[in-house]
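The values are calculated or read from the model by the stated rules, or taken from the named source; none is laboratory data. Small disclaimer: the values here were computed from a predicted structure and weren't measured. FYI the Cβ positions are ideal-geometry reconstructions off the backbone, even for glycines, and counts take in every protein chain you see. Note: areas computed on protein heavy atoms with side chains; ligands, DNA, RNA excluded. Shrake-Rupley method; radii C 1.70, N 1.55, O 1.52, S 1.80 Å.
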Amino acid sequence: MDGCAEDSADSEGDYSEDDFDSYYHPGGDYIDTEDGQTSADSADPELFPVECLTIEQVENLLNEAVNAVCHSLNTSPSLAKLFLLIHSWDVQKVISGYKADVSSFLATSRVITAGCNCALAQPSLLHNHLAPAAADTVNEDSFVCPVCTCAAPGKSALSLKCQHVFCVDCWTAYVQVKISEGLSTDITCMAQNCDLLVHEEVALQLPISNYHKLQYQHFSFHNYVMSHPQLRYCVGPNCSLVFKAPEALAKRVVCRQCTSVFCFKCGNSYHAPTDCGTIKNWLTKCADDSETANYFSAHTKDCPNCNICIEKNGGCNHMQCYKCKHDFCWMCLGDWKGHGTEYYECSRYKENSETANESAKARAALRKYLHYYERWQNHAKSLKLEEKTLEKIKERINQKVMNGSGTWIDWQYLLDAAALLAKCRYTLQYTYPYAYYMNQESKNLFEYQQAQLEAEIENLSWKIERAETTDRGDLENQMYIAEKRRKTLLKDFFQT
Amino acid sequence: MSALPRRIIKETQRLMAEPVPGISAVPDESNARYFHVIVTGPEDSPFEGGLFKLELFLPEDYPMSAPKVRFITKIYHPNIDKLGRICLDILKDKWSPALQIRTVLLSIQALLSAPNPDDPLANDVAELWKINESEAIRNAKEWTRKYAMEN
Ligand SMILES: [Zn+2]
Ligand SMILES: [Zn+2]
Ligand SMILES: [Zn+2]
Ligand SMILES: [Zn+2]
Ligand SMILES: [Zn+2]
Ligand SMILES: [Zn+2]
Ligand SMILES: [Zn+2]
């Protein structure tokens, strides 16, 4: 369970392959320090104090809350956990809710049946649910368990506070079957339509097998973490790390173990500047409309000058035809010359005012969607291609150092540039769903900033692909500008 | 196969001694957990006059797990699909060990009287049931005549 290590100071000088890789994550933070030297002024819009916890630390955190509730309400840990689970681990809410009205609190916590007074009559016996069936309601000698139809000797019949009595053998078999189905804190009473919960203490005191006990603990721990607003499991498929943040905000979490980068609030891939609801709508829409859109995201386009077929083989959208040397933009096929200063013509979608009839509206809607989708897809693809570019850069650096031209440190800036490019392009990709759903009023300013960012990213990509012939100072300047544009856009539009 | 639990024996005895009106459930000669079921189409339903065959199987952990039930006779119903699978809450998450074979069969009979197109299993049938109920009922009667009335 490691990978939790804080950003250790990088021992400069000896870069293994691993070091290269750890530098190439969109979430890498080195640039922030670099930036900090020049502009320590404004707060980083992406700053988020997220901690990575070990299982033990999570247990301690949960136990603290449980103890606080136990102590204040004089209940068992099992009931405290149940209360906390239902009330999102808000200790104060549990304590005040309980003190305000025990009966209704216990009913909403599914410990007693609504309207029953038993809790008030015997508040100190709350935890004692596994008592033999009350003798005044069941004649022990004649009790027949309704599930197995066997006469149960008095000692082995039990009920929750609802007084639905069943024999211990049936309870045990039932709880084991439910655990096998993946249930734990959510197991209910065996009676039909009774939703009282078989809480932890009750389940674990039954003579269930050790295997089922372990499974129960495993599943219930999972439920506790899932119900805690400050805790999140890593979304990586085989990763079980838990992250903790002071607040459930739509901010970036980077898992250092499995390299997942996700939103703390919703668990989707990190999506700034777009918000959680919007990215969900967008991803659903893309999944639904993917067939229509697939056609448009083909890998090849014809050169607008000589019509030869050109394959996009780098991330940069500044294309140069290998035959006629014409410079053009991959996205709008316009001449690249116009893009240096007025690039925003390319990223801005112009609303067509002529929407005379319904079918024209539908076509306009599809055209609008495709405009954004194509750009969204295109930047995703560029990100992938730039990963390959990075591989090439690593090879070239290796060769250079082996041939005695420079040291690893001398070439580090190239890797930094590639990582920054990935980070910027990632944000750029996620500006398109934002723009698609945004209203007309603030759209102009947003798309202006988006175009500025896009232009600087394409410049950076172009320079990195031709790093041999690019001056180092020039490249570093370009890095600075691109990151500054990215941060400005996030500061102005990213609401968490 | 382990010995038959007392609960299953008792339920079987009662099903034979006091059968549910309109339903026959007979255990298989070679497997006491497998029941051959025939449900009579309820009066005033499009299934009236039909005899519907079902199979019912009690899994190893019955009654902690629900019985498995399936229509063998083809039926035009929004909550029953082509394979005869039934969409009924007590056969899934609303199952309780306190329920019995008898209650399950009664619920299935009730489902024939009151189809619920808002919780569909057979989407095309449910769709028609919602937009053109009289045509759906005509189809259901047609299917009943065709598949549930031979002899
Ligand atoms: Zn009570
Ligand atoms: Zn029993
Ligand atoms: Zn109950
Ligand atoms: Zn992870
Ligand atoms: Zn989110
Ligand atoms: Zn050309
Ligand atoms: Zn363009």
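Structure notes:
- Fluctuation leader among B:SER30, B:SER65, B:SER107 - chain B, Gaussian network, Cα springs under 10 angstrom: B:SER30
- When peptides A:54-65, A:371-382, A:420-431 are ranked by their average number of other Cβ atoms within 10 Å per residue, the highest-first order is A:420-431, A:371-382, A:54-65.
- Full-extension gain in nm, A:ASN193 to A:GLU468, via 0.36 nm per residue minus C-alpha separation: 91.7 nm
- Chain B: most fluctuating residue of B:ARG85, B:ARG33, B:ARG14 per GNM, C-alpha cutoff 10 Å: B:ARG14
- For the set A:SER96, A:SER103, solvent exposure ranked by accessible area (probe 1.4 Å, protein chains only) runs largest to smallest as A:SER96, A:SER103.
- Among B:VAL20, B:VAL39, B:VAL69: highest mean-square fluctuation, GNM of chain B, C-alpha pairs under 10 Å: B:VAL20
- FRET efficiency, 1/(1 + (r/R0)^6) with R0 30 Å, evaluated for A:GLN217 and A:ASN238 via beta carbons: 0.90
- Accessible surface, 1.4 Å probe, highest first, among residues B:LEU106, B:LEU112: B:LEU106, B:LEU112
- Sum of side-chain charges, B:HIS36 neighbourhood, beta-carbon under 11 Å (Lys, Arg +1; Asp, Glu -1): -2
- Point-to-point label distance, A:LYS325-A:MET402, nm (Cα→Cβ direction, 7 Å offset): 3.4
- Cα gyration tensor category, rounded, prolate or oblate, for the range A:245-285 with a/c compared to 1.5: oblate
- Chain B, relative contact order [Cα under 8 Å, separation at least 6], %: 21
- Computed accessible area, A:GLU247, all protein chains, 1.4 angstrom probe, square angstrom: 110
- Peptide B:93-103 shows a mean partner chain C-beta count of 4 within 10 Å per residue C-beta.
- Per residue of peptide B:8-15, the mean number of Cβ atoms on other chains within 10 Å of the residue Cβ is 1.
- The order of A:LYS337, A:LYS93 by accessible area, most exposed first and with a 1.4 Å probe, is A:LYS337, A:LYS93.
- Neighbourhood charge, 11 Å Cβ-Cβ cut-off, centred on B:PHE71 and excluding it, Lys, Arg +1 and Asp, Glu -1: +3
- Protein-protein interface of the range A:180-206, residues with accessible area decrease of at least 20 Å², isolated chain reference, 1.4 Å probe: A:MET190, A:GLN192
- Global form of the range B:75-151, assessed from the alpha-carbon gyration tensor, a/c cut-off 1.5: oblate
- Working from label points 7 Å from Cα in the Cα-to-Cβ sense, the B:GLU55 to A:LEU204 distance is 4.3 nm.
- Size of electric dipole in chain B: Cβ of Lys, Arg +1 and of Asp, Glu -1, about Cα centre, debye, nearest 20: 420
- Degrees separating the helix B:101-113 axis from the principal Cα axis of chain B, which is the longest one: 0
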